[in-house]
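Reviewing the structure listed below.
The values are calculated or read from the model by the stated rules, or taken from the named source; none is laboratory data. Because the structure is predicted, anything quoted here is derived from the model rather than measured. Quick reminder, even Gly has a Cβ in these numbers, built from the backbone with ideal geometry, and neighbours come from all protein chains shown. For accessibility, only protein heavy atoms count, side chains too; no ligands or nucleic acids. Shrake-Rupley method; radii C 1.70, N 1.55, O 1.52, S 1.80 Å.
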Amino acid sequence: MMNGKYHIQTYGCQMNVHESEKIAGILQARGFCSCDNVEDADIIVLNTCCVRETAETKVYGHLGRIKSQKKRGAILIVGGCMTQQAGAAERLAKRCPFVDIIVGTFNQSQIGEYIDLFLHTGKRVVDVWESEKDMSLSENTAAARTSGVNAWVNIMYGCNNFCTYCIVPYVRGRERCRPIDDILSDIDALLKSGYKQITLLGQNVNSYKYGDKTFTDLLKMAETDVKYRLKFMTSHPKDVSPTLAELFATSKVLSKSLHLPVQAGSNRILQAMNRHYTREQYLDKIATFREFVPDLGLSSDVMVGFPTETEEDFLQTLDLVEKVGYNNLFMFIYSRRSGTPADKMPQLDYKTKQQRIDRLIKRQFEISKRIASNAVGKTVEILVSEKKGDRCFGKAQNDAAVAFDSKTAQIGDFVNVKITSAKNANLTGDIII
Ligand code: SAM
Ligand code: SF4
């Protein structure tokens, strides 16, 4: 089995994408190599998500399809947020007896040992820790990074906010911040090995605290003379400060884009969600950021159909989305999550939720188109992340995706591109030499 192949299927957020890189690191350290096709893999890992019901349905659907891989002796492993929910590992073990190893979020670092145990005994391993034994466990093996010019760096784990709809604090535990020196030395090493963009990860990066050091201290300390882009996610509107807005204007490395999830535009719903800000406070913060950085790219997460949401509440969301004018918006239908307070609130019917998401998507499509067309004629700096023949793809400082042709530009280069056309939200341009 050593020198065999592995295939990892990842569901959910960037946090999971990076965790899959860590799992890949563990497997590679044991001599396994990656393969694209599940049919070729000796080890198949599903790194799951449970933020919305659809994510869980997908996992079960996928498990049904890959069940047959057992016949040729592949080892099936399921880990991630879904298995960490109360009683979920037992349910999965019963429903899918063909799964060999089940782990939770706190013990994914043990996957190598579990594989050894399984190979040795032939007995299935179901082990889900209730909490993290040692935060450094998940940083012990070098991640096998797959995200091109970008490298993810965890600065913290868990969440203390308990938004009433959200399962994350239950499956990821309370907030734990990594030592600032460890983060800075990771950044330093990644830049030395050629990465051109670092994205700091946490559920609420603005509440990062280590000793007397805050998130904005960390951002300042990550400034170097090396040319690179520094990004972060996710920010919570209640914790973003004017200091951060100011830093955007002065920093040499911070990318001029901010993901600031608003979730809803109605104060009544924001309160029921336990978000700790009003629409007025949110809009004020956006105005402050725009004062410091007029060309800041803004994105957000918005949910429709939260329990008790009325047509009036929803119109407030549409109005806020219009007022802000997001470059990009991630839109979700509220999904009931067992064990969260919102699950016990009066629910909306499916049709109303579906109609509202359709209206929101339509409205945002028009906004994105308008913003994209405003970019025509401007010159922007692009970090090239992909190249097919002479066609290059990359992102501008404000996170807009841009395509252009160049024989000479290479992946990892920073180049200036003049935007010549916008089709819907897709920008194309000419490289300026
Ligand atoms: N920590 C981040 C924050 O506070 O914005 C986001 C974490 S969550 C994994 C990503 C997004 O999923 C949230 O911003 C929210 O819009 C959405 N989400 C979370 N729980 C949800 C639920 N029960 N139903 C639908 N969407 C949900
Ligand atoms: Fe979930 Fe809220 Fe924490 Fe984000 S801040 S992970 S939405 S509980």
List pairs: first residue in segment 213-239 and touching a residue at least 60 places away in the same chain (Cβ under 8 Å), second residue among the aromatic types (Phe, Trp, Tyr) and more than 16 Å from ligand 1 (Cβ to nearest atom) anywhere in the structure, Cβ distance under 7 angstrom, at least six positions apart or on different chains.
227/414
From the list 429, 412, which residue is among the small types (Gly, Ala, Ser) and at positive phi?
412
Looking at segment 12-40, which of the residues that are within 16 Å of ligand 2 (Cβ to nearest atom) and assigned to a loop (DSSP other than H, G, I, E, B) is farthest from residue 67 (Cα to Cα)?
13
Looking at 66, 102, 44 in this structure, which one is open to solvent by less than 20 Å² (accessible area, probe 1.4 Å) and assigned to a helix (DSSP H, G or I)?
66
Which one of the conditions (1) in a helix (DSSP H, G or I); (2) within 16 Å of ligand 2 (Cβ to nearest atom) does residue 301 fail to meet, given that it meets all the rest?
(1)
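Please state which one of 172, 176 is at pLDDT 85 or above, within 16 Å of ligand 2 (Cβ to nearest atom) and over 26 Å from residue 345 (Cα atoms).
176
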Out of segment 206-226, which residues are of a type in the set (Gly, Ala, Ser) and under 17 Å from residue 189 (Cβ atoms)?
222
Answer with yes or no whether residue 61 is exposed (fewer than 15 other Cβ atoms within 10 Å of the Cβ) and of a type outside the set (Asp, Glu).
yes
Would you mind stating whether residue 388 is away from ligand 1 (no atom under 14 Å from the Cβ), closer than 26 Å to residue 147 by Cβ and open to solvent by 70 Å² or more (accessible area, probe 1.4 Å)?
yes
Going through 142, 151 one at a time, which residue ends up being under 21 Å from the mean Cα position of the chain (by Cα), within 27 Å of residue 395 (Cβ to Cβ), of a type in the set (Gly, Ala, Ser) and open to solvent by less than 50 Å² (accessible area, probe 1.4 Å)?
151
Qualifying residue in segment 180-196 (condition: away from ligand 2 (no atom under 16 Å from the Cβ), among the aliphatic types (A, V, I, L, M) and open to solvent by 70 Å² or more (accessible area, probe 1.4 Å)):
no
Determine whether segment 315-326 contains at least one residue that is of a type in the set (Ser, Thr, Tyr), within 16 Å of ligand 1 (Cβ to nearest atom), in a strand (DSSP E or B) and open to solvent by less than 20 Å² (accessible area, probe 1.4 Å).
no
Pick from segment 149-164 the residues that are within 15 Å of ligand 2 (Cβ to nearest atom) and in contact with a strand residue (DSSP E or B) (Cβ under 8 Å, 6 or more places away or on another chain): which of them is farthest from residue 25 (Cα to Cα)?
163
Residues that are without any contact (Cβ under 8 Å) to a residue 24 or more places away in the chain: find the strands (runs of 3 or more DSSP E) completely inside segment 330-433 holding 3 or more of those.
391-396
Residues that are more than 25 Å from residue 331 (Cβ to Cβ) and open to solvent by less than 10 Å² (accessible area, probe 1.4 Å), drawn from segment 249-271
253, 254
Looking at the structure I just gave you, is residue 287 free of Cβ contacts under 8 Å to residues at least 12 places away in the same chain and among the small types (Gly, Ala, Ser)?
yes
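Against the condition modelled with pLDDT of 95 or more, in a strand (DSSP E or B) and open to solvent by less than 30 Å² (accessible area, probe 1.4 Å), how does residue 230 come out, does it pass?
Working: modelled with pLDDT of 95 or more: yes; in a strand (DSSP E or B): yes; open to solvent by less than 30 Å² (accessible area, probe 1.4 Å): yes.
Considered against the rule, which asks whether it is modelled with pLDDT of 95 or more, in a strand (DSSP E or B) and open to solvent by less than 30 Å² (accessible area, probe 1.4 Å), residue 230 comes out as yes.
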